[in-house]
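Asks: Shown below is the structure under consideration.
What follows is calculated from the coordinates using simple rules that are stated; it is not laboratory data. Since we're looking at a predicted model, the values are computed, not measured. Ideal geometry is used to build each Cβ from the backbone, glycine not excepted, and the neighbour counts take in all protein chains shown.
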Amino acid sequence: TQGQVITCKAAVAWEPNKPLVIEEVQVAPPQAGEVRVKILFSALCHTDAYTWSGKDPEGLFPCILGHEAAGIVESVGEGVTEVQPDDHVIPCYQAECRECKFCKSGKTNLCGKVRLATGVGVMLSDRKSRFSINGKPIYHFMGTSTFSQYTVVHDVSVAKIDPVAPLEKVCLLGCGVPTGLGAVWNTAKVEQGSIVAIFGLGTVGLAVAEGAKASGASRIIGIDIDSKKFDTAKNFGVTEFINPKDHEKPIQEVIVDLTDGGVDYSFECIGNVTVMRAALECCHKGWGTSVIVGVAASGQEISTRPFQLVTGRVWKGTAFGGFKSRSQVPWLVDKYLKKEIKVDEYITHNLTLPEINKAFDLMHEGTCLRVVLDM
Ligand code: NAD
Ligand code: AHE
Ligand code: ZN
């Protein structure tokens with residue numbers, strides 16, 4: 001197949017909110033600096049649903065969504081040195097070129113090399129898509145497009161992992177789990193004994209809990225409007241649960257009262273700007289830090305009284321938990337293999353690619369964390 005167009009199945013989002021359609025797509029060979037990957041397993045993340053909904057200002061249609069996956073390199077384009085056919089890989093929507101201003105800054109995991117192209121659904125070299133259906137181009141998504149049996153990614157957007165790792169599990173290390181762990185370890189840098197509040201107990205929020213527990217947090221307060229979340233949340237380290245619906249007072253006041261003035265760290269893992277405000281305002285005066293992890297829709301804005309910041313609270317955000325993707329995803333895979341981090345526990349459902357619309361429906365059910373699709 002090397003150098004040839006591959007025809008395979010992919011779930012195409014033709015229009016916002018319209019059911020995805022399993023189509024035969026043509027996947028062009030990788031050009032210079034590109035890698036064609038056979039995707040074996042792809043999970044669904046809330047961000048896929050967000051872009052599909054039409055609320056993502058970068059959402060382009062028709063496109064192939066998906067960004068939490070694992071697979072095997074099928075072929076590589078000219079000049080690709082770090083991976084070769086048959087390598088086991090995880091596509092990384094957050095690239096790492098190690099050469100750009102961002103990568104060299106030592107201050108961020110964001111990479112500037114391919115972001116402009118991935119933001120408009122094309123490949124960097126010729127600003128074209130590698131996906132088409134009978135000649136009609138289909139846009140890429142987040143530089144990954146993993147809801148396809150084959151995809152093409154930039155070489156700076158693929159992490160080579162230990163081939164021993166089960167791909168049906170470690171696909172989760174492409175987004176949600178690292179995001180939560182890294183929000184705690186890299187962005188907030190939670191210390192031993194800290195009091196932590198987590199808003200939203202989906203996969204990302206639970207991974208925050210897991211990270212906070214590993215960092216020795218003394219109290220981990222989980223906040224969710226769905227009380228069913230608490231039983232599972234306990235297994236990930238949440239020590240107390242609050243349902244805002246059980247309280248008349250604003251949730252930030254409830255938390256401040258419970259914690260002698262506020263928490264040391266809070267994390268918003270929902271994408272709701274009202275909750276983002278509560279998450280900041282439940283932080284302790286003088287030092288409390290709130291990390292925004294959730295993705296809010298186009299047009300949404302955050303607000304608070306500047307006095308909240310004047311009096312020492314800090315507002316931060318995180319993308320992919322601050323992890324340098326190509327360097328650290330293999331490290332996370334190794335940690336999973338050594339049983340130092342959970343992954344299996346976040347997988348509540350296993351389906352196949354043709355069942356993808358059912359998988360999106362499941363995401364709205366309280367019992368669902370991650371659905372993994374066998375491609
Ligand atoms: P999810 O839907 O599984 O979890 C969200 C949780 O929030 C659910 O348990 C839901 O019951 C709860 N919730 C909803 N409204 C609430 C409210 N008003 N108050 C309290 N709880 C509420 O989603 P997920 O896959 O865990 O992703 C969470 C968010 O993180 C999404 O916005 C996603 O787009 C974003 N995300 C960001 C990054 C990043 O790099 N920054 C990475 C992955 C995901
Ligand atoms: N196009 C979206 C961007 C949404 C967003 O912030 N994405 C996160 C990853 S979410 C993964 O589930 C991210 O990494 N952002 C940094 C970046 O470079 O995109 C919008 O809302 O505009
Ligand atoms: Zn995601």
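Asks: Sort 148-157, 284-293 by packing, meaning the average of other beta carbons within 10 Å per residue, with the highest value first. Provide the component values of the computation, followed by the final result.
Replies: Working: 148-157: 25.9, 284-293: 20.7.
Ranked by mean Cβ neighbours within 10 Å, highest first: 148-157, 284-293.
Asks: Once Lys and Arg get +1 and Asp and Glu get -1 on their Cβ, which of Trp287, Ser53, Ala13 lies farthest toward the positive end of the dipole of the chain?
Replies: Trp287
Asks: Out of every Cα-Cα pair in the chain, what percent are more than 39 Å apart?
Replies: 15 percent
Asks: What does the charge dipole of the chain about its Cα centre add up to, to the nearest 20 debye, if the Cβ of each Lys and Arg holds +1 and the Cβ of each Asp and Glu holds -1? Display every interim value, and only then the final one.
Replies: Numbers: 38 positive and 42 negative charges, 167 e Å.
Here the chain has a charge dipole of around 800 debye.
Asks: Right, here's the next one. Considering only DSSP states other than H, G, I, E and B, which trypsin sites (Lys or Arg not before Pro) in segment 332-366 qualify as loop sites with at most 12 other Cβ atoms within 10 Å?
Replies: Lys338, Lys339
Asks: GNM on the chain, C-alpha springs below 10 Å: top fluctuator among Ala212, Ala359, Ala297?
Replies: Ala297
Asks: Another question, then. Let me know the number of lysine pairs in segment 169-262 closer than 27 Å at the Cα, not counting same-chain pairs under 8 apart.
Replies: Final tally of qualifying lysine pairs is 18.
Asks: If you don't mind, another one. Put +1 on the Cβ of each Lys and Arg and -1 on the Cβ of each Asp and Glu in the chain; which of His88, Gly237, Val114 then has its Cα farthest toward the positive end of the dipole?
Replies: Selected residue: Val114.
Asks: Continuing with the same structure: Between Cys269, Cys45, Cys100, which gets the highest mean-square fluctuation from a Gaussian network model of the chain, Cα cutoff 10 Å?
Replies: Looking only at Cys269, Cys45, Cys100, the biggest GNM fluctuation is shown by Cys100.
Asks: Show me the GluC sites (Glu not before Pro) within segment 250-304 that DSSP assigns to loop and that have at most 13 other Cβ atoms within 10 Å of their Cβ.
Replies: Glu301
Asks: May I pose another question? What's the extension gain from Lys101 to Val310 if we count 0.36 nm per residue and subtract their Cα-Cα distance?
Replies: 72.2 nm
Asks: Can you give the Kirkwood hydrodynamic radius for segment 1-100, in Å, rounded to one decimal and based on Cα pairs?
Replies: Hydrodynamic radius (Kirkwood, Cα pairs) of segment 1-100 is 15.0 Å.
Asks: Considering only DSSP beta bridges where both residues belong to the chain, give the percentage that are antiparallel (nearest 5).
Replies: Taking every DSSP beta bridge within the chain, about 55 percent pair in antiparallel fashion.
Asks: Over 20 Å between Cα atoms, which of Lys101/Lys324; Lys55/Lys107; Lys55/Lys128 qualify?
Replies: From the list (Lys101/Lys324; Lys55/Lys107; Lys55/Lys128), the Cα-Cα distance tops 20 Å for Lys55/Lys107; Lys55/Lys128.
Asks: What's the percent breakdown of Cα-Cα distances in segment 204-326 across 5 Å bins, shortest bin first?
Replies: For segment 204-326, the pair-distance distribution reads 2, 11, 20, 24, 23, 13, 5, 1, 0, 0.
Asks: Another question, if that's okay. Tell me, what is the FRET efficiency for Asp257 and His364 to the nearest 0.05, using R0 = 35 angstrom and their Cβ-Cβ distance as r?
Replies: With R0 = 35 Å, the Cβ-Cβ based efficiency is 0.60.
Asks: Give the peptides 15-25, 68-78, 88-98 in descending order of average Cβ contacts within 10 Å, highest first.
Replies: Ranking the peptides 15-25, 68-78, 88-98 by packing returns 88-98, 68-78, 15-25.
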